[in-house]
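The values are calculated or read from the model by the stated rules, or taken from the named source; none is laboratory data. These figures come from a predicted structure and were not determined experimentally. Note: ideal-geometry Cβ built from the backbone for every residue, glycine included; neighbour counts use all protein chains shown. All accessible areas refer to the heavy atoms of the entire protein, side chains included, with ligands and DNA or RNA removed. Shrake-Rupley method; radii C 1.70, N 1.55, O 1.52, S 1.80 Å.
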Amino acid sequence: MKIAIVMTTIHDGHMLEEYCQQAQKEGKSKDLRAIVIGDQKTPVDLWSICEKLRRKGFDIVCPTLVEQETYLGRFNSLSRLVPWNSDNRRNIGFLMALEWGCDVMVSLDDDNFCPDNPHTFEEYGVVCGDVRMPSVESENGWYNLCDMLALEPSVRVYPRGFPYHKRHQNPKIELREEAGTVRMNAGLWLEEPDLDAITWMVVPVRAMSFKGTSVLLGAKTWAPINSQNTSLHRDVIPSYYFIRMGYPLAGTPIDRYGDILSGYFSQACVRHMKHRIRVGTPVAFHRRNAHNYLRDTTQELAGLWLLEELTQWLPEARLQGNTYSESFLSLADALEDQVERFQGFIWTDPAKAYFHQMAYCMRQWIQACRKIS
């Protein structure tokens, strides 16, 4: 099983060594490739650390900025759709992982530290097999992943991207044994869970431990999935395009929700393909880089408003296609049609134009994936 770790960073990437060491402990270092995408703000220390790991025998790919542009140049208009100084550059790593022939791709953020779990890479690889395990169904169609964490203080919080209109409802939760083919696995986070900036300002919490057991999301139950500690089967990569941010919507630029939109869109494709999503372990340590939560809130507000209507529509969307690429193209078409029907204040003409541009980028992304395949 070939496993590709993909991350982008404007830091030195020192957390990468822990993952390499863990792969070595599990006897999987020969099957691991780490793909690290730097940016214009990234210190030269990143390339030094990657070279140090290569000298230790690990397979590390860390293209220079010139090499990144050369690589993107192979894919027609994609090069002008992946901006500098943006986490959207993670898409370069996704393409490289697909081209390398990975069986499993693990998306990490540069403040995710390796889980304290002797079976970390084995659990990432659950996306390559069939399972029989508990499946969760929620009465209101949404499952709060933070309920799987023991928090201090002991309060209820919700993961970033969880729709506000579904919070604080206390839906009935049912667990039942089900079998299925897993194609996406969302690992959770200790220490500093992935919450939105509003929550961090009001209720700063610590995740002390993972409680309970991993579960499958039920056929009618959704949860936000991000780019932190998430593993995918290679077939899913075409549906996991990292959505471009930075567009001004209702007077404020949208940011910090590219991975959330990607997770929802890919999740829709996984469900259409009748595959399953597992959530829980392996649980990474999330030691957040420095944040200004007031500024983060400003950047997240447009995304919060968009999700209020998108998350009502998406579970009901009917996709077409027999592959993940076809499903993703079907979703792009459906998005373009649906955004013209949304009525909320955030759905101005520029907001609708943003989604039309997004659909164009999604199609260009599929062209790139197909060129590789």
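About the centre of its Cα atoms, the chain shows a dipole size close to 500 debye [charges on the beta carbon of Lys, Arg (+1) and Asp, Glu (-1) only; nearest 20 debye].
For the range 268-357, applying the loop criterion from DSSP together with a ceiling of 11 other beta carbons within 10 Å to the trypsin sites (Lys or Arg not before Pro) yields 274, 318, 341. Rounded to whole numbers, the Karplus 3J(HN,Hα) couplings from phi for the range 346-358 are 6, 8, 6, 4, x, 5, 5, 5, 4, 6, 5, 5, 4 Hz, using 6.51 cos²θ - 1.76 cosθ + 1.60 with θ = phi - 60°, and x at Gly and Pro.
In loop segments of the range 288-373 as defined by DSSP, the GluC sites (Glu not before Pro) with at most 12 further C-beta atoms inside 10 Å of their C-beta are 340.
So what's the Cα pair-distance distribution over the chain, bin width 20 Å, in %? Over the chain, the share of Cα pairs per 20 Å bin runs 30, 63, 7 percent. Note on the range 295-354: with charges restricted to the Cβ of Lys and Arg (+1) and Asp and Glu (-1), its dipole about the Cα centre is near 60 debye.
State which entries of 166/371; 25/172; 2/274; 41/274 exceed 32 angstrom in Cα-Cα distance in the structure shown.
Beyond 32 Å: 166/371; 25/172; 41/274.
Take the Cβ atoms of residue 343 and residue 292, set R0 to 30 Å, and the FRET efficiency comes out at 0.35. Per residue, the accessible area of the range 30-124 comes to 41 Å² when a 1.4 Å probe rolls over the protein heavy atoms. Using the empirical formula 2.2 N^0.38 Å as the baseline, the Cα radius of gyration of the range 77-186 reaches a ratio of 1.36.
Surface composition of the chain: carbon plus sulfur atoms contribute 50% of the solvent-accessible area (1.4 Å probe, protein chains only, all chains present). Once the chymotrypsin sites (Phe, Trp or Tyr not before Pro) in DSSP loops with at most 12 neighbouring Cβ atoms within 10 Å are cut out of the chain, the longest remaining piece is 85-344. In this structure, the amide hydrogen of residue 2, modeled 1.01 Å from its nitrogen in the peptide plane, lies closer than 5 angstrom to those of 103, 104, counting only residues at least 5 positions away or on a different chain. Among the trypsin sites (Lys or Arg not before Pro) found in the range 190-247, those both in a DSSP coil and sparsely packed, with 15 or fewer other Cβ atoms within 10 Å of their Cβ, are 211, 220. Neighbours of residue 277 by Cβ distance under 11 Å: Lys/Arg scored +1, Asp/Glu scored -1, total +4. Evaluate E = 1/(1 + (r/R0)^6) for residue 71 and residue 333, where r is the Cβ-Cβ distance and R0 equals 41 Å; express this FRET efficiency to the nearest 0.05. Calculated transfer efficiency: 0.90. Sequentially through the range 67-72, phi angles give Karplus couplings (6.51, -1.76, 1.60; θ = phi - 60°) of 5, 4, 5, 5, 5, 4 Hz, Gly and Pro residues having no value and appearing as x. Residue 235 exposes around 80 Å² of accessible area when a 1.4 Å probe is run over every protein chain in place.
Convex hull volume of the Cα atoms of the range 253-334, normalised per residue: 126 Å³.
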